[in-house]
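A quick write-up on the structure given underneath.
Derivation of every value follows stated rules applied to the coordinates shown; laboratory data play no part. Keep in mind it's a predicted model, so treat the numbers as computed, not measured. Note that we place each Cβ from the backbone using ideal geometry, even for glycine, and neighbour counts take in every protein chain shown.
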Amino acid sequence: MEMTEKIRLIVSDVLEVDANRIDAESHQADIAEWDSLAQLRLVTALEEEFGVKPTMREIAELTSIPAITRYLNISGTH
Amino acid sequence: MKISTGIRRFFVPHSLITLYYLLGCRAFISPRAEVEISPLLRIGSKSTVSSFAKIKASEGPVSIGARTDIGVGCFIGGHRPGIEIGDDCLISPNVSIIGVNYRYERLDMTFREQGTESKGPIRIGNNVWIGVGSVILDNAEIGDGVIVTPNSVVSGCIPANAIVQGNPAKTVFIRR
């Protein structure tokens, strides 16, 4: 499965929203359920799925599907 | 209620209590807070207790560290095993820290008749932030650097630097 699609489904699952509401360009500001606590739950899910361990500064920047995709690509995750 | 407790509670002006803790402990107790002068209560330097907060230390020791802020409307109910709050804690408004539970095994007695019990002390570490409306129950232990999100209920052990949420509070994240 393509990485962006995987991220999209993880975000949908963590936020407990219909996957159709999340697309490849979705941003935290567009989704009411994506609050600061959901952000932490999302990071935990990404850590479990991809084996990454972002710093607190990086966590604060992972606020959109493109940003998460970029981070995972830089981390060398496939 | 003991007579001495009654006298302290009803006849000592709140402004005098404010002065007592300001001069004795360098802690600011709002004149609108309900805090007794009690040998069982220790408040550290530069700590504050806001309006309408109540600290009850007649049943057991309550120890509050330095530079800790107790927010508006909080209730801290001491019990025999005691309550210990560390330094630099932020206790948000309407937090309840309660060290007793009523027993409920009997159907033929009221809860009041069955009395209360405590499993153990409540310990809150240093630099802990407890969100509005949260409840910290009997025998809870909260490590240093923990964040308890609003309206959570903590009844067990929370590891250091955890962010917890819910009833019962579960770890959502470990700060790093």
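Considering the dipole of the range B:3-174 built from charges on the beta carbon (Lys and Arg +1, Asp and Glu -1) around the Cα centre, which of B:89, B:120, B:4 is farthest to its positive end?
B:4
Quick one: check the C-alpha center-to-center distance for the range A:25-78 versus the range B:42-79, whole angstrom.
39 Å
Rank the residues A:34, B:129 as a footprinting-exposure proxy: fewest other Cβ atoms within 10 Å of their Cβ go first.
Values: A:34 21, B:129 15.
Arranged by neighbour count, lowest to highest, A:34, B:129 become B:129, A:34.
What ranking do A:71, B:102 get, fewest neighbouring Cβ atoms within 10 angstrom at the top? Please list the in-between numbers first.
Details: A:71 19, B:102 12.
Fewest-to-most ranking of A:71, B:102: B:102, A:71.
Assigning unit charges at the beta carbon (Lys, Arg +1; Asp, Glu -1) and nothing else, what dipole magnitude in debye, to the nearest 20, does the protein assembly as shown show about its Cα centre? Don't jump to the answer; show the numbers that get you there.
Working: 26 positive and 29 negative charges, 303 e Å.
Its charge dipole is roughly 1460 debye.
Suppose each label sits 7 Å from its Cα in the direction of the beta carbon; what would the residue A:6-residue B:80 distance come out to in nanometres?
Distance between label points: 5.6 nm.
Between residue B:26 and residue B:160, what length comes free when the chain is fully extended (0.36 nm per residue of separation minus the Cα-Cα distance, one decimal in nm)?
Numbers: separation 134, 0.36 × 134 = 48.24 nm, distance 2.85 nm.
In short, 45.4 nm is gained.
Name the aspartates and glutamates eligible as straight-distance cross-link partners of residue A:6: C-alpha to C-alpha under 18 Å, and not fewer than 8 places from it in the same chain.
A:16, A:18, A:23, A:25, A:47, A:48, A:49
Take the residue pairs B:56/B:119; B:54/B:170; A:53/B:170; B:46/B:119; B:119/B:170; B:54/B:119 and return only those whose Cα atoms are more than 24 Å apart. If you can, show how the numbers build up before the last one.
Details: B:56/B:119 18 Å; B:54/B:170 27 Å; A:53/B:170 20 Å; B:46/B:119 31 Å; B:119/B:170 20 Å; B:54/B:119 22 Å.
Distance filter (> 24 Å) returns B:54/B:170; B:46/B:119.
Only helices at least 30 Å long along their own axis, judged from Cα atoms, and with Kyte-Doolittle mean hydropathy of 1.6 or greater: name those in chain A from DSSP H.
On the way: long enough: none.
Answer set is empty.
Cut-off 10 angstrom, C-alpha nodes, Gaussian network model of chain A. Which of A:32, A:67, A:45 fluctuates the most?
So, out of A:32, A:67, A:45, the one fluctuating most is A:32.
Mean residue ellipticity at 222 nm from the helices of the protein assembly as shown, using -39,500 (n - 2.57) per DSSP H segment of n ≥ 4 over the full residue count, to the nearest 500 deg cm²/dmol?
Working: 7 runs with 69 residues, N = 254.
One gets -8000 deg cm²/dmol as the mean residue ellipticity at 222 nm.
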